[in-house]
Structures are given as structure tokens and as C-alpha cells.
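Below is one structure, written out as C-alpha cells, with a few remarks after it.
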Amino acid sequence: MRILPALPKVTIERDSVSLRVNVLRAAVAVALAGGALAAAASPAAANRGFDYFTTLSSGTCEVTTGEWIVDWAVSNHSTREATLTDVEFSPTPAALPRTVAGGATVHAVQRIPGTGTMGSLTYTATWSGGGSSLNNWYFKPRTQCLKTTTAEAAQSWAVNDEAGAYRGSITGEPGLANVCDPLADGVQVSVEAQLSDGSTVKRIAPLGGCTPFKPFNGATVTAVRGFAGTYANSWHPVS
């Protein structure tokens, strides 16, 4: 009986905000629909292990301008330095470092219109000593980021976890409370609103999206606080 070699184990999590690739034990190139992950193609690749790049994107809605502020995190999963060429952002430009040390991550910040526009990043990574990979990634929000007028502008606060890491954002104004989870990384992000009638209401953001809450029966929002999982952030008064 012929025993076939074990296939590489690849776990892929894909949502509208980011494409995450976790390669657990692989020695071949894997092509993805929303992006590409490629092994180094030099003859000595077997001696160096499996070299590859991953890219994560996360966005925060800037309500004063109606734009998504997209953070691109580009990681070099290799012990060797890599040079990035043919770097293209769409639909707007952004600055990305052209050299990535082995095991390092570099970032780029891109601002894109908040009304249904998808962002994308394409680049070629070439490692020192040979081998390269072509990468194509995207940011596709599930909700629109709408600009508010000066009279309607809401106050905004970050929602952090217990370690102080950013997990999402909340906004508050007398007639509305809102919570957003742009990272969609499995950590539940929620907002608790304190109302003028003495009651409190809690809303949970969907993965990669936002959830608004409008008071009823004449009540108004007087304070809000965010939660990252069960970790409560500080209360913020709303005026």
C-alpha cells in the first residue's frame, strides 16, 4: 500500500475587514482568493525553511471626515531580510517601508473614502540570498463610515483591553451611542450607555462592523463606556 505524505495544515480566517493566514506546517505555496502567499523559490529553500509574508488590515472610522483610517501590518516570516518592490495601494496612496528585517513587521496607514470603497495593497517581497513572493491583500468594511456635521458630531473614545491594546471604538452624543469592532479578531467589543432616566443599555458590535443605539421615550445618553470582552473601560460623560 502506498502511503501519501501528509498535506500541509493551513488555517484560514477571512472576513470583510482583513485576511488572516496562519500557516502551521507547510513546505509548498498556497494561493488564496483574496490574496496570495508564496514560498521562496530558491534552490536552498529546503535548508532555510518556509519563508512567507502575511498582511493584516484593520480600519477605524473617522466621523469628522467620513473616512476609514486603515492600518496595514506587513510581516516577514523568515530569518532573512526582504525588500518590497512594486508596492501599490488603492484607491489612495500610502507610505510603506521598503525593507523588512527577518521576523519583523512594518506598518502603513491609508485613508480611504468611507462610502463603500475597498482598499487594497499589492507588493512583491524578495529575500536576501534569493526567493520572492507576490502578495495581494485587501480591506473591505462591512459598514459605511459616514461624516457627521459639526452640530451632530459625536465624541469618540478607543476601547482597549486589559493590556492596553486597542480593540475598537465607541462614540456618544445625547441622541446616539455607537460601538465598532474594526479588528474582528474574536474579542467581543461592546458599549454600555447610561441614560437620563437612570437606566443603562448595552450593545455588542458585530465582527468587523458597528452597532448604533438610539434612546427612546424621550431619554438621552448621558455617559458611555466600552468593554473589550469583560474588561470595562472608564465612563465618558456625553454632552
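Here residue 173 meets each of (1) charged (D, E, K, R); (2) touching a residue at least 60 places away in the same chain (Cβ under 8 Å); (3) surrounded by fewer than 16 Cβ atoms within 10 Å (Cβ to Cβ) with one exception, condition (3). Which ones in region 208-237 are modelled with pLDDT under 95, charged (D, E, K, R) and surrounded by 14 or more Cβ atoms within 10 Å (Cβ to Cβ)? None; the set is empty. For the condition open to solvent by 30 Å² or more (accessible area, probe 1.4 Å), at pLDDT 90 or above and of a type in the set (A, V, I, L, M), residue 134 qualifies. Going through (1) modelled with pLDDT of 90 or more; (2) touching a Ser or Thr at 6+ places or on another chain (Cβ under 9 Å) one by one, residue 198 falls short only on (2). One residue stands out in region 145-165 among those that are open to solvent by less than 70 Å² (accessible area, probe 1.4 Å) and more than 21 Å from the chain's Cα centre (by Cα): the one that is modelled with the highest pLDDT, namely 155.
Let's see how each residue does on (1) closer than 17 Å to residue 208 by Cβ; (2) among the polar types (S, T, N, Q):
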{"position": "65", "(1), (2)": "no, yes"}
{"position": "90", "(1), (2)": "no, yes"}
{"position": "114", "(1), (2)": "yes, no"}
{"position": "120", "(1), (2)": "yes, yes"}
{"position": "135", "(1), (2)": "no, yes"}
{"position": "139", "(1), (2)": "yes, no"}
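Take residue 184 and decide whether it is among the hydrophobic types (A, V, I, L, M, F, W, C) and in a loop (DSSP other than H, G, I, E, B). Don't jump to the end; show me each part of the working.
Details: among the hydrophobic types (A, V, I, L, M, F, W, C): yes; in a loop (DSSP other than H, G, I, E, B): yes.
Answer is yes for this residue.
Pairing residues of region 197-214 that are on the phi > 0 side of the Ramachandran plot with residues that are among the acidic types (Asp, Glu), at Cβ distances under 8 Å and at least 6 apart in sequence or on separate chains, gives 208/15; 208/181.
Taken over region 76-93, the residue count meeting the criterion of being closer than 15 Å to residue 136 by Cα and surrounded by fewer than 17 Cβ atoms within 10 Å (Cβ to Cβ) is 5.
The values are calculated or read from the model by the stated rules, or taken from the named source; none is laboratory data. Given the structure is predicted, the values throughout are model-derived calculations rather than measurements. When we count neighbours, we look across all protein chains shown, and the Cβ atoms used for this are built from the backbone with ideal geometry, even at glycine. We work out accessible area using only protein heavy atoms, side chains counted, and drop any ligands, DNA or RNA first. Shrake-Rupley method; radii C 1.70, N 1.55, O 1.52, S 1.80 Å.
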